[in-house]
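The values are calculated or read from the model by the stated rules, or taken from the named source; none is laboratory data. From a predicted model like this one, the values you see are computed outputs, not experimental measurements. For neighbour counting, all protein chains shown are included, and Cβ atoms are generated from backbone atoms with ideal geometry for every residue, glycine included.
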Ligand SMILES: [Fe+2]
Ligand SMILES: [Fe+2]
C-alpha cells in the first residue's frame, strides 16, 4: 500500500495536484481554527468525543483517546507506506551509477534520497501511535508486513527510471493527495510534506521520457517499451477492485481513506491519457477510449491475479528486494554500534567533568 | 537502533529569521550532534530552515489534549484579557 486512496479537491487553488495539496493544507489550518461543535466533553464519553472530532473534520492527535482498531489500522497503513518508501529506493538506485549524465545522476540521487526521507517521516508518524522503530523495522525484515508490490518489478533500462517517475510516482501522488486530509494529524502532516516533494519526482520522470521520446528511433522505442511494462503494474498500485477490497468501509468512516480504489484508478487513467499524447507515446491498451456518458476513459483493468501473486511474494524481484534490505541492515550494524559507543563515551566524559 | 542506544528526538525548525521554531517531526539518533545532522538531512533538504533544535523526546512534559477542558478552563471565563472586551467611546484615537 503505497497509500491506497485519493482525495477530491473541493476547489484546488493552484490547480493540479500541487494545488490540491495546498488546499488540503489550508483546510487543515481552517479546521483547526474552527471551534468544535459543543457535543461530548473529552472526559465523559470517549467514543462520542472521538466521533465528534472526526465529524468536525478536525485532527486526532497522538495523545487523544482513539478506538484500538483505529490505532491498529493506522499503524499498519503508515508502516506499510513507510516500508514502501524504503524498498522503493532499490529499483531506481539500480541506475544511479549508470545515469547518462552528471546532471541526471545528481537528480536521481536527490530523488532516491527523498524516498529515504519519506520513509523516515512516515516511521516517525507511526511511532506517535505507540509502536517502536525497532518493531517496525523487524516487521519489514521478517516479511510480516508488506510494501507496495510495484517495487517487485525490475528496472531494465534507463527509460524505466523515467517511467517510474511519471507513472509510479504519479500513481503514488494520486493515492496520497487525499491522505493529506486524513483524520490522523501526524499522518496528514507527513503526507503534505511528501506530496510536495513527489511532484518533483513525477516531473523529472516525465522529462526523462519526453527527452527519450524526442530522441533517436532507438531512444523512443526504449521509452515506449518502459511505458508498456510499467502501465499495468502502475494501475494495480491502487489495489484490488472495490468489490474485493477489504477494510475500506471502516477507513472511509474514520476519514483515513476518502476515495475508493476504483475511483482513484479512474482518476489516474484520466490524467495519464493527455500526458502520454504530449510524450508521443502510446498507453498499451487497445480498449482505452473516451466514454462521453461517464465523462471518463474506459480502460482495461490490470491483471489482479498477477497482483495477488506479487503480493504473495512471487513477483520478479521480491526475493532480491528483501535480501538486499536485510543485507543493508546487517552490514550497517557496525555503524549503529560505533555511533552508540561514541555517544556513550562522550556522555561518560561529560559526567566526569561535571563530577 | 534500540531505544536505549538511539533514542527518539523531537525536531524544531526555524524556517526564516523572524519566525519561531516549529515542530516538524522526530527521528532517532545516538546523541545530540548526530540528531542535528540527521535532522538537517531529513527535514531541511530544500532549505526549509535556518536553525534547528533537537530535544530528547523523553525530556518533554506534555499536557494531554484529553484533559483539555479542565486544564485550560481557567482562561475560558476571562474575556477581559482581550482588547475586544472593552468599549471604546467614539472619537478616541490611538487606543
Ligand atoms: Fe515517496
Ligand atoms: Fe517519489
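A Cβ distance below 8 Å, combined with a sequence gap of six or more or placement on separate chains, defines the contacts here; from the range A:180-207, residues that are under 21 Å from residue A:123 (Cα atoms) and away from chain B (no Cβ under 14 Å) reach residues that are in a helix (DSSP H, G or I) and within 15 Å of ligand 2 (Cβ to nearest atom) in the pairs A:180/A:21; A:180/A:191; A:180/A:192; A:180/A:195; A:182/A:191. Inspection of the range A:98-108 identifies at least one residue that is modelled with pLDDT of 85 or more, within 16 Å of ligand 1 (Cβ to nearest atom) and within 19 Å of the chain's Cα centre (by Cα). Checking each residue in the range A:43-66 for being under 21 Å from residue A:136 (Cα atoms) and more than 10 Å from chain B (Cβ to nearest Cβ) picks out only A:66.
A quick yes/no check of all residues on (1) more than 16 Å from ligand 1 (Cβ to nearest atom); (2) away from chain B (no Cβ under 14 Å); (3) in contact (Cβ under 8 Å) with a residue 24 or more places away in the chain:
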position	(1), (2), (3)
A:129	yes, no, yes
A:132	yes, no, no
A:152	yes, yes, yes
A:157	yes, yes, yes
A:168	no, yes, yes
A:173	no, yes, yes
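Can you spot a residue in the range A:224-237 that is more than 30 Å from residue B:10 (Cα to Cα), within 16 Å of ligand 2 (Cβ to nearest atom) and in a loop (DSSP other than H, G, I, E, B)? Within the range A:224-237 (the criterion being more than 30 Å from residue B:10 (Cα to Cα), within 16 Å of ligand 2 (Cβ to nearest atom) and in a loop (DSSP other than H, G, I, E, B)), the answer is yes, since at least one residue qualifies. Annotation for the range A:81-97: no member residue is away from ligand 2 (no atom under 16 Å from the Cβ), within 14 Å of chain B (Cβ to nearest Cβ) and surrounded by fewer than 21 Cβ atoms within 10 Å (Cβ to Cβ).
So, in the range B:3-32, exactly how many residues are assigned to a loop (DSSP other than H, G, I, E, B), at the interface with chain A (Cβ under 9 Å from one of its Cβ atoms) and either over 24 Å from residue A:131 (Cβ atoms) or touching a strand residue (DSSP E or B) at 6+ places or on another chain (Cβ under 7 Å) (or both)?
2
Looking across the range B:39-53, the residues that are outside any loop (DSSP other than H, G, I, E, B), touching a residue at least 24 places away in the same chain (Cβ under 8 Å) and within 13 Å of chain A (Cβ to nearest Cβ) come down to B:39, B:42, B:43.
Kindly check whether there is at least one residue in the range A:51-64 that is buried (at least 16 other Cβ atoms within 10 Å of the Cβ) and either within 16 Å of ligand 2 (Cβ to nearest atom) or without any contact (Cβ under 8 Å) to a residue 12 or more places away in the chain (or both). Within the range A:51-64, one or more residues are buried (at least 16 other Cβ atoms within 10 Å of the Cβ) and either within 16 Å of ligand 2 (Cβ to nearest atom) or without any contact (Cβ under 8 Å) to a residue 12 or more places away in the chain (or both).
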